[in-house]
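Notes for the one structure printed next.
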Amino acid sequence: MSRNEEKRSNGENTRVIDGRESFGRYYEDFQEGDIIRHFPGRTVTEYDDTLFTLLTMNQHPLHLDEHYAKETEWGQRLVTGYFSFALVYGMTVRDLSGKTPANLGIDRIRFLKPVFHGDSLYAESRVIAKRPSRSRPGEGIVTVETRGLNQKGETVLTFERTFLVPMKNPLPERKEVENEEKG
């Protein structure tokens, strides 16, 4: 796995991992502060957005009616936020949760900038927490914050996701939990 070191503004080193070299990770592969860049990105087409909008019955004219959308502040149709979210989330699966037996939750979804047909979306995730599971020996819980970026590098959405991952070496981690619970 290729790893690059970058300096944080506070001077700490942050591992930046190009995620395309693996399918999922084990608990031990995650370190708080890691940034994982997900590849490839994807360009959103009008077809993608229209199909998703119709399949999910989101019939707001801002997503379907070009004439209506031209009269708005954006002057064109917007890609529905949940399509952008689903696409960015999907980009993370190979790198983060390919080995995951369970997703535990998605929190703090924020849509920060509009996405338009023809925009290309990219994703990166930062590990913000991890701990051994108390109820499932041999597995750990990881929480990441994911950013969806457009082709200009602007953050268009963010969300946090928590998921369960298997451990490579479950016994040492279980002992840590048992010691924490006793102490």
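The values are calculated or read from the model by the stated rules, or taken from the named source; none is laboratory data. Values in this document were obtained by computation on a predicted structure and should not be read as measured data. With ideal geometry, Cβ positions are generated from the backbone for all residues, glycine too; neighbour counts draw on all protein chains shown.
Only one of these conditions is not met by PHE23: (1) in contact with a strand residue (DSSP E or B) (Cβ under 7 Å, 6 or more places away or on another chain); (2) modelled with pLDDT under 90; (3) within 17 Å of GLU124 (Cα to Cα). Which number is it?
The failed condition is (1).
Can you find, within segment 72-131, the residue that is nearest to PHE163 (Cα to Cα) among those that are of a type in the set (Phe, Trp, Tyr) and under 11 Å from the mean Cα position of the chain (by Cα)? Can you show your working first?
As a first pass, look at segment 72-131 and keep what is of a type in the set (Phe, Trp, Tyr): 74, 82-83, 85, 89, 111, 116, 122.
Then keep just the ones that are under 11 Å from the mean Cα position of the chain (by Cα); that gives 85, 89, 122.
On the way: PHE85: 17, TYR89: 13, TYR122: 21 Å.
Only one residue fits best here, namely TYR89.
Scan segment 44-73 and report the pairs whose first residue is in contact (Cβ under 8 Å) with a residue 40 or more places away in the chain and whose second residue is exposed (fewer than 15 other Cβ atoms within 10 Å of the Cβ) and assigned to a loop (DSSP other than H, G, I, E, B), with Cβ atoms within less than 9 Å and a gap of 6+ or a chain change.
Within 9 Å, the pairs are VAL44/GLY118; THR45/GLY118; GLU46/GLY118.
Go over the candidates ARG42, ARG37 one by one and state the one that is at pLDDT 95 or above and part of a strand (DSSP E or B). Outline the logic, then answer.
Details: ARG37 fails: at pLDDT 95 or above.
Of ARG42, ARG37, the one residue that is at pLDDT 95 or above and part of a strand (DSSP E or B) is ARG42.
Just for segment 146-166: of the residues that are surrounded by fewer than 17 Cβ atoms within 10 Å (Cβ to Cβ) and among the charged types (D, E, K, R), which one is nearest to the chain's Cα centre (by Cα)?
In this case the residue turns out to be GLU154.
Can you tell me which residue in segment 107-138 is farthest from LEU157 (Cα to Cα), limited to those that are surrounded by fewer than 17 Cβ atoms within 10 Å (Cβ to Cβ) and of a type in the set (S, T, N, Q)?
So, considering only residues that are surrounded by fewer than 17 Cβ atoms within 10 Å (Cβ to Cβ) and of a type in the set (S, T, N, Q), the one farthest from LEU157 (Cα to Cα) is SER135.
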